[in-house]
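Working notes, beginning with the structure itself.
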Amino acid sequence: MERRDICVFGSLNVDLTVKMARFHAPGETVTGESFNVYTGGKGGNQAVAAARLGAGVKLVACLGEDANGELYASALAREGIDASGVQRHADVSSGVAVIEVDARGENRIVVVPGANGRLDAAAADAAKSIIAGCGFLLLQLETPLDGVIEAARIAHGAGAVVILDPAPARPLPDELLALCDYVTPNETELATLTGLSVSSDEEALAACRVLLARGAKAVVHKRGARGALWVDEAHVVPVAGRRVKAVDTTAAGDTFNAGFAAGLAEGMAVEAALDLANAAAAISTTAPGAQTAMPRRGAL
Ligand code: RIB
């Protein structure tokens, strides 16, 4: 197995996406503009984005044995992703996300995890050879935390680079942070992880340093259109974002992490990989749907 391969351990959702002029208030009924069904989920999004950027991708995830599971399995095959680590469960539905997107491209998401809830520590152990055989591990937080920790432990023990996207935001144990080479919070996630205000650049940098003190080797603070800030013991490096007209920002963060890992897997230095990540994430916002506008390597 190629040690530059990227293992993605995480969630697969089918995204039921409604486009609307504005988000509505509780009790209010509004007319939507369109409805579409897309493949999504933070794990699946990272896998597809990394594969389109030219990385060898192995996915460890769970699907139900239902129509959405079939839809997703076909999509993974079309993207050339090694899905031998995707487990199918007959007694639970595939994960679903109900997504509203407003006229500014902002989104609101409700996730029903379904089979993603089965991606626990036992599932990580069952996929040990896949995880340990890759050079990089991409993690997110839409699946059980014990599975995330076990996958990180396996990859760390095998000398792989562990990149954790702490999304959706939740507090995390230091044990997990200490297994991570890069933790990549956006502003909300940085505040949730540290319990600190991050309303200025100074506060954000201080919060990043708290994560370092708790064991993370490096923090890449995702700042949306402003790009990213890379912080470790020796560096405080801002990397500028790219300006685009955003239509749908769903999965921009997922594309960023995939681009970063794909860049590192190609042998790029951290700053260059972050520039690639910014560019890929920006392009991913230019069409509706999580995976629709994720760019291929040549398009960058
Ligand atoms: O990060 C975007 C993803 O979050 C969507 O594809 C949706 O499935 C939710 O999991």
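Determine the pairs where a residue that is more than 16 Å from residue 71 (Cβ to Cβ), located within region 94-115, has a partner that is assigned to a loop (DSSP other than H, G, I, E, B) and charged (D, E, K, R) with Cβ atoms under 8 Å apart, the partner being 6 or more residues away or on another chain. From region 94-115, the pairs are 101/248; 102/22; 103/22; 105/248; 107/248; 111/142; 113/142.
From the list 254, 275, the lone residue that is of a type outside the set (Val, Ile, Thr), surrounded by 15 or more Cβ atoms within 10 Å (Cβ to Cβ) and over 15 Å from the mean Cα position of the chain (by Cα) is 275. Scanning region 147-178 for residues that are loosely packed, with under 14 Cβ neighbours inside 10 Å and touching a residue at least 60 places away in the same chain (Cβ under 8 Å) yields no hits at all.
Evaluate the following for residue 249: is it among the polar types (S, T, N, Q) and within 26 Å of residue 160 (Cβ to Cβ)? So residue 249 does not fit the description; no. Only helices (runs of 4 or more DSSP H) whose full extent lies in region 27-145 are considered here, and none of them has at least 1 residues that are surrounded by 23 or more Cβ atoms within 10 Å (Cβ to Cβ) and modelled with pLDDT under 95. Each residue in region 34-60 was checked for being over 20 Å from residue 279 (Cα atoms), touching a helix residue (DSSP H, G or I) at 6+ places or on another chain (Cβ under 6 Å) and within 12 Å of the ligand (Cβ to nearest atom), and 1 pass. Is one or more of the residues making up region 83-106 over 30 Å from residue 273 (Cβ atoms) and within 17 Å of the chain's Cα centre (by Cα)? Checking region 83-106: at least one residue is over 30 Å from residue 273 (Cβ atoms) and within 17 Å of the chain's Cα centre (by Cα). Tell me, yes or no, whether region 124-138 has at least one residue that is out of contact with any helix residue (DSSP H, G or I) (no Cβ under 6 Å at 6 or more places or on another chain), within 21 Å of residue 98 (Cβ to Cβ) and hydrophobic (A, V, I, L, M, F, W, C). No, the conditions are met nowhere in region 124-138. Filtering region 200-248 to residues that are within 16 Å of the ligand (Cβ to nearest atom) and buried (at least 20 other Cβ atoms within 10 Å of the Cβ) leaves 222, 248.
The values are calculated or read from the model by the stated rules, or taken from the named source; none is laboratory data. Just so it is clear, the model here is predicted, and its values are computed rather than measured. Heads up, the Cβs are rebuilt from the backbone with ideal geometry, glycines too, and the neighbour counts pull from every protein chain shown.
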